[in-house]
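A.B. asks: Quick one: this structure, given as structure tokens, is what I'll be asking you about.
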């Protein structure tokens, strides 16, 4: 820590825009097992805050937590068949991915297959056998790693 | 939690690409107070893993943690004066921002001012007085909120 002034600082959340909350909430809760810990309806748009309710995080005020994913839904985009968000990996590049770590990559992949999850990269593709990438409903990339082999 | 199969799942990290690691590492460590907890040099590119070493996270294997920011440096981009990454808020939109929460927003803003940090939105700008947005060296947006007023 460079400065005592930052002792309270937390990496609270990462925000991505989503087209259709029904699809995204189903994906992040049912497939990835996150909980919706808060919502904020602002009229034209609505925010969803998702996280794993881990020991040490559960029950903390939202502002004190880490590991939150904020999904921003600009209402109406879900009705436009041509509307899509940019995933940051197609040009122009910037943001790359979020990453979920799991106890057992092989088991996680088998479960994703049983649920029809789409893969950008299966563990057996390419050189890096210990990582996978799946797509979320907006085609954002989500890296999947195991706890003991982070790359 | 929707499924016991996801009990081990963690929101491990968020990855963004950076142009110049000297500038980015200085910003995220000196200004935002994160620690570089790991690095991985892959030849053409290098990865930096940053996090707050909070109780309950410090000492955990990297794969078991939450709240990690992964910075990807594709070597050589820092030498091209015209090279820039896309921040996700200019068109085409997708990724929005990361967010750091702090104990005292006013104090954090005064400290950022003393360090020459550039603001996208100061707390007093617009209707939402309890949030600010600063730019990182690649012009990614970082929301700054206080622990007790997350929006």
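A.B. asks: Suppose you put the label 7 Å out from Cα in the Cβ direction; list, shortest first and in nm with one decimal, how far residue B:92 is from each other copy's label.
C.D. replies: So the label point of residue B:92 gives 1.3 nm to the other copies.
A.B. asks: Taking 20 °C and 1.002 mPa s as the conditions, I'd like the Stokes-Einstein D for chain A in µm²/s, using the Kirkwood hydrodynamic radius from alpha carbon pairs.
C.D. replies: 127
A.B. asks: If you rank A:36, B:117 by fewest surrounding Cβ atoms within 10 Å, what's the result?
C.D. replies: A:36, B:117
A.B. asks: Where the label is 7 Å out from Cα toward Cβ, how close does residue B:56 come to the same position in every other copy, in nm, shortest first?
C.D. replies: Ordered by increasing distance: 0.7 nm.
A.B. asks: Follow-up question, since we're still on this one. Given the -39500 (n - 2.57) contribution per DSSP H run of 4+ residues, what per-residue ellipticity at 222 nm results for chain A, rounded to the nearest 500 deg cm²/dmol?
C.D. replies: So the helix-based figure for chain A works out to -3000 deg cm²/dmol.
A.B. asks: Just report the Cα centroid separation between the stretch B:103-142 and the stretch A:68-123, whole Å.
C.D. replies: Taking the Cα centre of the stretch A:68-123 as reference, the centre of the stretch B:103-142 is 29 Å away.
A.B. asks: Ignoring solvent entirely, what values of log10 I(q)/I(0) come out of the Debye formula for the stretch B:13-79 at 0.18, 0.24, 0.29 Å⁻¹ when each Cα is a single scatterer?
C.D. replies: -0.64, -1.05, -1.34
A.B. asks: Something else now. Name the shape class, rounded, prolate or oblate, that the alpha-carbon gyration tensor gives for the stretch A:97-146, where a ≥ b ≥ c are the square roots of its eigenvalues, rounded holds for a/c under 1.5, and otherwise prolate holds if a/b is larger than b/c and oblate otherwise.
C.D. replies: It is rounded, given that a/c, with a ≥ b ≥ c, falls under 1.5.
A.B. asks: Using only alpha carbons, build the gyration tensor for the protein assembly as shown and give me the equivalent ellipsoid semi-axes, biggest first, whole Å.
C.D. replies: 27, 23, 21
A.B. asks: Label position 7 Å from Cα toward Cβ: report the copy-to-copy distances for residue B:75 in nm, one decimal, ordered from shortest.
C.D. replies: Once sorted, the set of distances for residue B:75 reads 5.2 nm.
Read the figures in this text as sums done on the coordinates, not as results from a lab. As the structure is a prediction and not an experimental result, all values here were calculated from the model. Methodologically, a virtual Cβ is constructed for each residue, glycine included, from the backbone with ideal geometry; neighbour enumeration extends over all protein chains shown.
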